[in-house]
Amino acid sequence: TDGSTGATEEAMSGDETIAIGFSQVGAESGWRAANTKSIQDTLTAENGFDLSFSDAQQKQENQIQAIRSYIAQGVDVIAFSPVVETGWDPVLQEAKSAGIPVILTDRAVDSEDDTLYESFIGSDFVLEGEMAGEWAAEQYDGEGYKVVELQGTTGSAPAIDRKEGFGSAIEGTDLEIIDSQTGNFTRTEGKQVMEGFLQKYDDIDLVFAHNDDMGLGAIEAIEAAGLTPGEDIKIITIDAVKDGMTALSEGKINYIVECNPLLGPDLAEIAQKVVAGEEVEKRIVVKDEAFDQEAATEALPTREY
Ligand code: AHR
């Protein structure tokens, strides 16, 4: 599905209110803010939901605590975006034993038992990394190019998968990842890590940032070092939120692969179906595009997030 609003109108016609507990990763990025808004704007009383929402501040223990409290409340459905991939089986087993269905949004869990959740709605992060890597490889054919990578939160699905996708797409090319560190998906940490890279290396050609916010932090560090982002050092990011797209249209970022945060409507629809006992797809892949400067300039005026 395309994750656009309106997709769920039909699914929202049930008369029973659905109590849903949602444990969000945090408020680390522009993407996350748009994702939270989409969920809160869709899972409304008007649409038949009673939403309990909690922000885990990027900590797994907070998410586990939130999920346990939703189980204790006896909600109809639990949904969450897992901050990291591993370590979920015990709490998911508790939900299952309590008969409460779980829906994953945005990020996957690494579990051998896929009966622990009903459905996983989100982008294909490996593909996003590949799209970024393919663009980088096309730009830099013929010469050796030095890449630094700003990774997302250590152990999170998007950081693992985007790294893997990018790495496989540049394999056998002249691009070389000379350093790779986590900036935790935040602007502040992206800036700090980039400052460190700039002190260590004077020959960086390209930054691959796992999200727009870290890329925007890198821009600040590059400018503070007296260099021109987008020219002296090229930048590729993932997300395509407004601030990122604005920087792309100004030429400070060179390419962005989208990650669509508007997951609320799909989540509402799947929650309705799960509660009604209907079959749902185990994996719902959200489609993403990619933007260069021209495409970003064109898309910006009507961009929802
Ligand atoms: O899980 C999606 C990622 O999380 C987004 O790409 C990033 O901006 C967010 O923090």
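The values are calculated or read from the model by the stated rules, or taken from the named source; none is laboratory data. Everything numeric here is computed off the predicted structure, so don't read it as measured data. Note: ideal-geometry Cβ built from the backbone for every residue, glycine included; neighbour counts use all protein chains shown.
Take I222 and tell me if it is buried (at least 17 other Cβ atoms within 10 Å of the Cβ), more than 15 Å from the ligand (Cβ to nearest atom) and not in a helix (DSSP H, G or I). Working first, answer last.
On the way: buried (at least 17 other Cβ atoms within 10 Å of the Cβ): yes; more than 15 Å from the ligand (Cβ to nearest atom): yes; not in a helix (DSSP H, G or I): no.
It is false that I222 is buried (at least 17 other Cβ atoms within 10 Å of the Cβ), more than 15 Å from the ligand (Cβ to nearest atom) and not in a helix (DSSP H, G or I).
Has region 243-263 got at least one residue that is buried (at least 21 other Cβ atoms within 10 Å of the Cβ), modelled with pLDDT of 95 or more, small (G, A, S) and over 19 Å from S81 (Cα atoms)? It would help to see each step written out before you state the result.
So the first thing to find is which residues in region 243-263 are buried (at least 21 other Cβ atoms within 10 Å of the Cβ), and the list is 244-245, 247-248, 252-263.
Applying the additional criterion that residues be modelled with pLDDT of 95 or more yields 244-245, 247-248, 252-263.
Filter again for small (G, A, S), leaving 244, 247.
Pick out the ones that are also over 19 Å from S81 (Cα atoms) and you get 244, 247.
For region 243-263, residues buried (at least 21 other Cβ atoms within 10 Å of the Cβ), modelled with pLDDT of 95 or more, small (G, A, S) and over 19 Å from S81 (Cα atoms): present.
Does G133 satisfy the criteria of being on the phi > 0 side of the Ramachandran plot and over 13 Å from the mean Cα position of the chain (by Cα)? Give the steps one after another, and end with the answer.
Details: on the phi > 0 side of the Ramachandran plot: no; over 13 Å from the mean Cα position of the chain (by Cα): yes.
Against the criterion (on the phi > 0 side of the Ramachandran plot and over 13 Å from the mean Cα position of the chain (by Cα)), G133 does not qualify.
Among the listed residues L198, L227, identify the single one that is over 15 Å from the mean Cα position of the chain (by Cα), modelled with pLDDT of 95 or more, away from the ligand (no atom under 16 Å from the Cβ) and assigned to a loop (DSSP other than H, G, I, E, B).
Exactly one of L198, L227 is over 15 Å from the mean Cα position of the chain (by Cα), modelled with pLDDT of 95 or more, away from the ligand (no atom under 16 Å from the Cβ) and assigned to a loop (DSSP other than H, G, I, E, B), namely L227.
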* To do: Report whether or not N260 is touching a helix residue (DSSP H, G or I) at 6+ places or on another chain (Cβ under 7 Å) and under 26 Å from I121 (Cβ atoms).
  => no
* Asked: If we scan region 251-259, do we find a residue that is among the aromatic types (F, W, Y), farther than 25 Å from A108 by Cα and touching a residue at least 40 places away in the same chain (Cβ under 8 Å)?
  -> yes
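On the basis of being modelled with pLDDT of 95 or more and assigned to a strand (DSSP E or B), does I270 make the cut?
Numbers: modelled with pLDDT of 95 or more: yes; assigned to a strand (DSSP E or B): no.
So I270 does not fit the description; no.
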* Within the bounds of region 68-83, is there any residue that is on the phi > 0 side of the Ramachandran plot and touching a residue at least 60 places away in the same chain (Cβ under 8 Å)? -> no
* To do: Answer yes or no as to whether G190 is within 16 Å of the ligand (Cβ to nearest atom) and buried (at least 22 other Cβ atoms within 10 Å of the Cβ).
  => yes
* Structure fact -> N184 passes all but one of the listed conditions (1) of a type in the set (S, T, N, Q); (2) under 21 Å from F125 (Cα atoms); (3) away from the ligand (no atom under 13 Å from the Cβ); the exception is number (3)
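Return yes when E143 is assigned to a loop (DSSP other than H, G, I, E, B) and of a type in the set (D, E, K, R) and no when it is not.
Numbers: assigned to a loop (DSSP other than H, G, I, E, B): yes; of a type in the set (D, E, K, R): yes.
So E143 passes the test.
With G144, G172, G165 as the choices, which residue is under 20 Å from the mean Cα position of the chain (by Cα) and more than 18 Å from A247 (Cβ to Cβ)?
On the way: G144 fails: under 20 Å from the mean Cα position of the chain (by Cα); G172 fails: under 20 Å from the mean Cα position of the chain (by Cα).
The match here is G165.
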* Structure fact -> Counting only strands (runs of 3 or more DSSP E) wholly inside region 1-101, the ones holding at least 3 residues that are within 16 Å of the ligand (Cβ to nearest atom) and either crowded, with 22+ Cβ neighbours inside 10 Å or at pLDDT 95 or above (or both) are 18-24
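Do the conditions hold for G277, that is, is it on the phi > 0 side of the Ramachandran plot, of a type outside the set (A, V, I, L, M) and free of Cβ contacts under 8 Å to residues at least 24 places away in the same chain? Working first, answer last.
Working: on the phi > 0 side of the Ramachandran plot: yes; of a type outside the set (A, V, I, L, M): yes; free of Cβ contacts under 8 Å to residues at least 24 places away in the same chain: yes.
So G277 fits the description; yes.
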